[in-house]
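For reference, the structure is listed below as structure tokens.
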Amino acid sequence: MEGENAVPRLALGSLDDTASIVDARTGERTLHLAGLHTGTICSVAWAPPAIPEAVPPAAAAVRAPLPMLCAMGFAREDAVAALAACDDDLAQAAQALQAAASQRQEQQAVTEAVQKQQAQTAAAVAEAVRLEKLHAAAQLAQAESNMLLAQAAGSEPEPEPDAPLTIDSWLLQMKLDRYAEPIKAAGYDDLAFVVGADEADLNELAAEIGMKKPHAKMLLRGWKQLHEGSAGGSLPAVSSAAAAAAAAAAAAAESAPAAGSASSTDSAPVESHGQEVQVMQPTDEFDFVFSNKTASDDYCLQIRAKLATQGIRVWQQKTNIPKDSDNWFNEWFPSAVKSRKIVCFISVAYLKSPYCMKEFGIALASHKLLVVACDPLADINAVDPSAYPYASNALAYLMGGGQVIFHDTEDVAAEILKFAQ
């Protein structure tokens with residue numbers, strides 16, 4: 001192909017990916033690959049250009065394949081027109097392809113924007129549902145806390161007047177409802193069986209179910225009142241006055257031995273959450289009452305020691321709950337209601353404890369709450385209110401930006417002292 005004697009060659013391609021090498025002067029095929037469909041020729045290339053220098057560059061592009069087309073029997077004018085039409089078609093096809101590509105890009109952008117908006121909407125709906133559940137759980141926990149405060153203050157609702165007396169309501173009057181299930185399991189599942197029993201039967205029942213001595217005395221006293229009330233042949237109804245008297249007698253019977261208990265500390269931390277007993281009335285007020293998990297006792301005792309050096313009176317379960325007490329709440333609550341502040345040492349484990357959350361709810365409802373975070377807030381806020389609904393009060397408090405003292409503060413005791421006024 002080099003030099004003056006080089007033969008100009010024309011390479012032709014078609015839509016079925018075949019090609020031929022054609023002599024540009026005669027139109028003769030010198031090489032053919034896989035067959036040539038001349039009706040679908042889509043590209044032409046010359047090597048080397050065999051175009052007279054006198055032909056203008058613009059016309060050369062059209063006239064370059066003319067010898068070949070003329071050799072194939074086309075008139076010169078038809079060949080020129082066909083080539084021009086082919087160029088127009090190719091230009092239109094290129095424009096159509098470019099427009100289609102632009103349209104696809106626009107459609108893809110619209111699709112991605114719609115998908116992003118849908119994802120954001122779904123996330124917003126999920127968050128709204130989560131907050132609604134959290135709010136509902138917080139309201140429920142607040143209502144429970146208010147009820148506990150009312151009950152502890154002696155304003156718990158009395159049973160309906162003239163309501164039929166049952167074994168459960170009878171035991172509840174005497175604060176012996178904790179024994180309801182074992183008493184019914186022993187065969188006294190109806191109050192008529194209790195009325196029909198004698199004193200020896202009652203003593204035997206108390207021994208059988210492991211009833212404490214003050215409780216056994218209260219059971220016997222209630223049995224005698226039943227006999228007096230059923231002298232007319234029918235069981236008495238629940239009287240609010242009788243219920244109050246029975247509750248007061250039960251409290252008096254049980255508070256005496258509890259008050260004489262000697263306080264000491266255990267060598268290993270054990271949760272003091274046990275069965276309910278009667279309230280021990282505090283003899284003194286405290287500046288701060290601590291609420292914490294047993295695992296945080298050592299840390300809380302360090303804070304208590306620093307506060308004590310400033311003359312601050314602090315209640316903490318390790319030093320203030322008697323060793324033989326079987327009810328943490330009735331030891332904690334009387335001091336809490338007479339304190340200036342209730343300091344809740346919250347942690348992940350604290351929020352997962354229904355007992356600790358009960359104390360937190362009372363501190364919040366009584367407007368005495370002071371919070372010390374013993375774990376990072378991110379970990380505490382990660383507690384799932386669906387799994388631990390009683391944690392909703394604390395989670396809602398933290399979400400609302402409530403006051404928090406962080407455990408890694410340089411002097412936690414000094415921060416707590418700021419609230420002693």
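The values are calculated or read from the model by the stated rules, or taken from the named source; none is laboratory data. These numbers come from a predicted model, not from an experiment. As a convention, Cβ positions derive from the backbone with ideal geometry for all residues, glycine included, and neighbour counts pool all protein chains shown.
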Among the candidates Ser339, Ser347, Ser366, residue that is more than 21 Å from Ala137 (Cβ to Cβ), hydroxyl-bearing (Ser, Thr, Tyr) and in contact with a strand residue (DSSP E or B) (Cβ under 8 Å, 6 or more places away or on another chain): Ser339
Condition check for His367: without any contact (Cβ under 8 Å) to a residue 24 or more places away in the chain and not aromatic (Phe, Trp, Tyr): yes
Lys175 at pLDDT 80 or above and outside any helix (DSSP H, G or I): yes
Helices (runs of 4 or more DSSP H) wholly inside the stretch 293-407 containing at least 1 residues that are among the aromatic types (Phe, Trp, Tyr) and within 20 Å of Ser145 (Cβ to Cβ): 328-337, 348-351, 354-365, 392-399
Test: residue in the stretch 401-416 that is in contact with a Ser or Thr (Cβ under 6 Å, 6 or more places away or on another chain), aliphatic (A, V, I, L, M) and assigned by TED's automatic domain parsing to the domain that holds Gln302: no
Yes/no for Leu134 being hydrophobic (A, V, I, L, M, F, W, C), over 30 Å from Ser366 (Cα atoms) and surrounded by 10 or more Cβ atoms within 10 Å (Cβ to Cβ): no
Lone unmet requirement of (1) surrounded by fewer than 21 Cβ atoms within 10 Å (Cβ to Cβ); (2) at pLDDT 90 or above; (3) of a type in the set (Gly, Ala, Ser) for Ser325: (2)
